[in-house]
Structure formats: C-alpha cells, structure tokens
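Chemist: Take a look at the following structure, please.
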C-alpha cells in the first residue's frame, strides 16, 4: 500500500472533486451544479442471541441511509421548475387541479414507480481526479426525493441561492474506473 504523504506521485481523493448527474424532467441528462453531497452510508442491523449466561451477536439487515445533495439554484435549467416537475411526475396533483385529474384511474397520489422514474431510475455521483478523470462512480438505485428545502431570499447578501434535496434509495453501488 502506497501512502500519499511519502509518494509524490500518489494523490488522495479530494472532497471538492465530484460531479452529480441524473435525468431532469425537461429531458436533459444533466450534471447538476452541486455544492455538497453526502456519500451513501449504510447501517447493518444486529440480532442478539442469548445462550446460558452468554450473549452472541449476528449481523442482520443492511439499511441504506438517506443522502443530501445541495445544489446551486440555477436559472438554466431552472431548478425550481425542475424540482416541481419531479414532484408532479412522481404522482402529486396540485390541490387546485384535483377536480380535473382525480378519478378511479388516476387517484393523484405520489408513488414509488413514478417518483423513481422522475429521476431517470438512478442518480450518479462521480469522484474525479485533478485531471478531470473519473476515479469511481456511486450509483443510487431506485432513488426518489423525500425533501426539498430552498434557501432564503435576502437583500443583505450576494450568496448564490441553493436547494437542499434529500433522497432515499434502495441501494448503492460503487464502481471503480479502470
């Protein structure tokens, strides 16, 4: 194993070198202007078994934790409009349109199939090196948005507007690029 601090040719991964992409409702397969992204994390449950005066532990189910993505609220593509389109594509019907759309064939509820399809079935996060080459890519399988928080409009600052997007997914795969 080569340590990066003793080998000038070795370079560690850097937290500011990544690209996030998923399909937007406007039909654009877009690399999103992401500021932050929490990498996929999982927790393995534990089952305990007691025998006489001893306790033994066994690994249980794997549960993938939510990820949070903070994106710059861009004008092109318009992230406000794209996120609303993702919500509507997921099955949500605006209250003022309920009488037109609601029926037995279209009850107007958010559902997993539509919510996952609204994001193009996968969210990809690629870690890149200093030359822009992909080191590896996380693929979030069957992702859907569980929360959106827009930043505050404020005359006293010149900061970029951001949007915090929380996503749930079924599992993640990390693929190392050769």
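Chemist: I'd like to verify a number: residues in the range 64-88 that are surrounded by 11 or more Cβ atoms within 10 Å (Cβ to Cβ) and not in a helix (DSSP H, G or I), how many?
Modeler: Going through the range 64-88 one residue at a time, the tally reaches 13.
Chemist: A further question follows. What do you reckon, is residue 91 more than 16 Å from residue 32 (Cβ to Cβ), touching a residue at least 24 places away in the same chain (Cβ under 8 Å) and assigned to a loop (DSSP other than H, G, I, E, B)?
Modeler: When the stated conditions are applied, residue 91 passes them.
Chemist: Now, a different point. Among the residues of the range 11-31, which ones are more than 30 Å from residue 80 (Cβ to Cβ) and either loosely packed, with under 11 Cβ neighbours inside 10 Å or at pLDDT below 70 (or both)?
Modeler: 12
Chemist: May I pose another question? Name the residues in the range 155-178 that are exposed (fewer than 14 other Cβ atoms within 10 Å of the Cβ) and in a strand (DSSP E or B), would you?
Modeler: Selection gives 171, 173, 174, 175, 176.
Chemist: Taking the options 122, 118, name whichever one is touching a residue at least 60 places away in the same chain (Cβ under 8 Å) and touching a helix residue (DSSP H, G or I) at 6+ places or on another chain (Cβ under 6 Å).
Modeler: Testing whether each residue is touching a residue at least 60 places away in the same chain (Cβ under 8 Å) and touching a helix residue (DSSP H, G or I) at 6+ places or on another chain (Cβ under 6 Å) leaves just 118.
Chemist: Ok, one more. Which of the residues belonging to the range 118-146 are assigned to a loop (DSSP other than H, G, I, E, B) and surrounded by fewer than 16 Cβ atoms within 10 Å (Cβ to Cβ)?
Modeler: Within the range 118-146, 121, 129, 130, 131, 132, 133 qualify.
Chemist: Somewhere in the range 43-55, is a residue at pLDDT 80 or above, assigned to a strand (DSSP E or B) and under 16 Å from the mean Cα position of the chain (by Cα)?
Modeler: The answer is no, given that none of the residues of the range 43-55 is at pLDDT 80 or above, assigned to a strand (DSSP E or B) and under 16 Å from the mean Cα position of the chain (by Cα).
Chemist: Output the residue which, of all residues in the range 88-109 that are touching a helix residue (DSSP H, G or I) at 6+ places or on another chain (Cβ under 8 Å) and modelled with pLDDT of 85 or more, is nearest to residue 147 (Cα to Cα).
Modeler: 90
The values are calculated or read from the model by the stated rules, or taken from the named source; none is laboratory data. Model, not experiment: these values are computed from the prediction. Backbone-built Cβ (ideal geometry, glycine too); neighbour counts: all protein chains shown.
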